[in-house]
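The values are calculated or read from the model by the stated rules, or taken from the named source; none is laboratory data. Note that the structure is predicted; figures quoted are calculated from it, not measured. A quick note on method: Cβ atoms are made from the backbone with ideal geometry, for glycine too, and the neighbour counts reach across all protein chains shown. What goes into the accessible areas is simple: the full protein's heavy atoms, side chains included, and nothing from ligands, DNA or RNA. Shrake-Rupley method; radii C 1.70, N 1.55, O 1.52, S 1.80 Å.
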Amino acid sequence: MNSSDSTRMSNHCCWAKPMAEPNTLLALPAGKLQERVDFLEELNRWYANELDILSSIAVVYQHCLPHGNSERILGATLPFLQRIAPFNAIGFALTDEEGLNFNLRGVGSGSFDVTLPRLLDQLIDNGQFGWAVKQQLPTLYKQKEQFNVLACPIAVPNQTLGMMIATFEDERALPPRAQRLLMAVLQHCAYALHNVRLYHQVERQNHYLEKLITERNDQLEHASTYDALTDLPTREHFQEEVRREIQRAQRDGSSMALILLDIDFFKRINESLGHAVGDLILKRVAQRLASNVREYDPLSRLVQSSDISHVGRFGGDEFCVLLSGQNAQSQINAIIERISRALSEPFKVAQHELLLAFSAGVACYPDHAAEPEKLLQLAEIALHQAKQRGRNRHLLYQPSMGQESLHQLALGNKLRHALVNGQFQLHYQPQIDIREHQVIGIEALLRWQDESGDWIPPNHFIPLAEESGMITPIGAWVIEEVCRLQSQLQKQGYSIPVAINISAHQFTHATFLDSLLETMRRHQVPAELIELELTERAIMQDVQETIDRLQAIHRQGIKISIDDFGTGYSSLSYLKRFPIDILKIDRSFIQDVDSNPEDAAIVNTIIALGKSLNLQLIAEGVERAEQVRFLREQGCYGIQGYFYSRPLSEADLLRYLELG
């Protein structure tokens, strides 16, 4: 037999010896055997108790979360600690939320002892408290009073939330297995405390954010109902006031009149002296109108110029005055004469002394109409006639002037001719990635220059185009032009998406998508180079229908962006349901983002929301370096605004791209 065989036999013998070990228990003396049985039974009871504690405490903490507090958590923990060892007194020293100070508190009747504050001070003074925190293990200290003090950390990874301090008499009452169980229980306690703190922190942040959003919504609501320059009611808000006055007049059997007035040749002031002077003039006109209407009408509620309900600004240099009461119609000439005298006084602005004249149109209830919209429409017709007849006069509406607003009719006719006569143009504003200073997108913006060379603002003709249905052929022309440009850009080696603004009327049209795809096919434009921009209001009209339409577009590979994001907070809960690619942060939030904490908080929230949904972010209306710096620091790298480029003609855009 060789040595290897001997080794195997030796190993075999070594493994065989333990087989006889169970029989040794039977060979033990009766006393020793009972001692061993008692030990095993006690060990079994301990592990059963340990299992019961760990399983029960999780259930208890679930009932405490998330609306509980630290006292409730500690109170739920106390009975489990008392099952682990016979403590005389138990206290908890918890940190404040900044983690700077420890505050000692007792939980439950009889668990707290007056000696605990003194013990805590001693532990802190002699460094034992800090040592226990550093070690993150139960630390036992012997006191002169012949009792023991246990300091046990309450901690989660990288953060100590507090310390349990307990007194007990016999060291043997806290063997290693009890210490391990104690640490396990306190770790459960630590996570429960941590979760409660996180919940309350998030809750406070949510309350703060809700407050900011509510305040912002109030500001936006005020901005939507009151003119930013004059603080007079806007047209929409004024119409509601007219409606209320008509209802009151119907109950009282009284009358009312609307005076719609326009400053003659005001455009010349803007052209010769600038819009800053023009704005000052408009503010002064608003103040004089409010003052004189208030002086005339004793029933008026015009107590302060900031709360005017009988004078409104309808945009540009157009204002409206509401007269109500038993003698409203008979006093029209008197109030117009009063307004005329007020406005004929020279306006001294920026070393200029200006004299103004105005034209006015008047419509009355009940003689001319009983609906606010119709009454305003008839006043517009009368105003237009007054301007046509030489200005500096006022006219009372007459049926012979027509049933429709001549102003709207004229603009509508011009709008139809504009498309045929090629008066529309597209200007293009680049979107820049500020990290690489590269163009990452282009937005196509519709512009209208009429036959006289005047530029008509989009907010004037777009609503009329939607109302008349002209938005469909105009929108088709825009898509055709963008696809033509995109084809040209590709030939010159550029691969940059171009965004097209789509109105709600276009978006819901049955043939919109088919028409878009056909135009792209003719110009051989890849889907990834076209982006459709929709406003929050457009997508929130019918949520489910919007989702279906957006999904159909998205399946074609066309990008979708939400324009002016942040102005429609109600859409936040639906945002994750929409298949969108890009969020464009509204310029109203960007304007003062570097100086207004509320705007900054809202923009930060939108950026965080966009990142969480993996959306590209574009900030609109960026004009200053401070805004760029703020956006860069917050992680928004897409910029659109005058800081990098104004909207450009097609030729200027190509030159801009060539220059890089």
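Per residue, region 400-491 exposes 48 Å² of accessible surface when a 1.4 Å probe is rolled over the protein heavy atoms with every protein chain present. Straight-distance candidates among the aspartates and glutamates for linking to LYS267, with alpha-carbon spacing under 18 Å and chain neighbours fewer than 8 residues away dropped: ASP279, ASP317, GLU318, GLU353, ASP450, GLU451, ASP454.
Tally Lys/Arg at +1 and Asp/Glu at -1 over every other residue whose Cβ is under 12 Å from the Cβ of PHE238; what's the total? Here the count lands on -3.
Look at the Cα gyration tensor of region 491-535: its axes a ≥ b ≥ c give a/c of at least 1.5 with a/b at or below b/c, and that counts as oblate. If R0 is taken as 51 Å, the Cβ-Cβ distance between PHE147 and GLU210 corresponds to a FRET efficiency of 0.50. The stretch between GLU598 and ARG484 holds 36.8 nm of extra length on full extension. This uses 0.36 nm per residue minus the Cα-Cα distance.
Backbone amide hydrogens, once placed in the peptide plane, bring LEU532 within less than 5 Å of ILE500, LYS559, ILE560, SER561, excluding anything fewer than 5 places away on its chain. Spin-label model, GLU623 to ARG341: label points 7 Å out along the Cα-to-beta-carbon direction sit 4.1 nm apart.
Fully extended, how many nm does the chain gain between ALA410 and ARG393 (0.36 nm per residue separation, minus their Cα-Cα distance)?
4.0 nm
Here the spin labels are modelled as points 7 Å beyond Cα on the Cα-Cβ line, and at ASP96 and LEU137 they lie 3.3 nm apart.
Each residue of region 147-152 was assigned a 3J(HN,Hα) from its phi angle through the Karplus curve 6.51 cos²θ - 1.76 cosθ + 1.60 (θ = phi - 60°); the sequence is 10, 9, 10, 10, 10, 10 Hz, with glycine and proline shown as x.
Counting Lys and Arg as +1 and Asp and Glu as -1 over every other residue whose Cβ lies under 9 Å from the Cβ of CYS320, the net charge comes to +1.
Less than 5 angstrom separates the built amide H of TYR226 from those of THR234, all sequence-distant by 5 or more or on a different chain. Please tell me the relative contact order of region 614-660 in percent, rounded to the nearest whole number, where contacts are Cα pairs under 8 Å and at least six residues apart. Rounded, it is 39 percent for region 614-660.
Beyond 18 Å in Cα-Cα separation lie the following of the pairs LYS491/LYS559; LYS559/LYS584; LYS584/LYS611: LYS491/LYS559.
Relative contact order, percent, of region 586-644 when contacts are C-alpha pairs under 8 Å separated by at least 6 residues?
The value is 37 percent.
Legend: calculated FRET efficiency, LYS267 to LEU198, from the Cβ-Cβ distance at R0 = 51 Å, rounded to 0.05, equals 0.30. Between ARG177 and HIS437, the modelled labels are 7.2 nm apart [label points 7 Å from Cα along Cα→Cβ]. Of the accessible area of region 476-535, computed with a 1.4 Å probe over protein heavy atoms only, carbon and sulfur atoms account for 52 percent.
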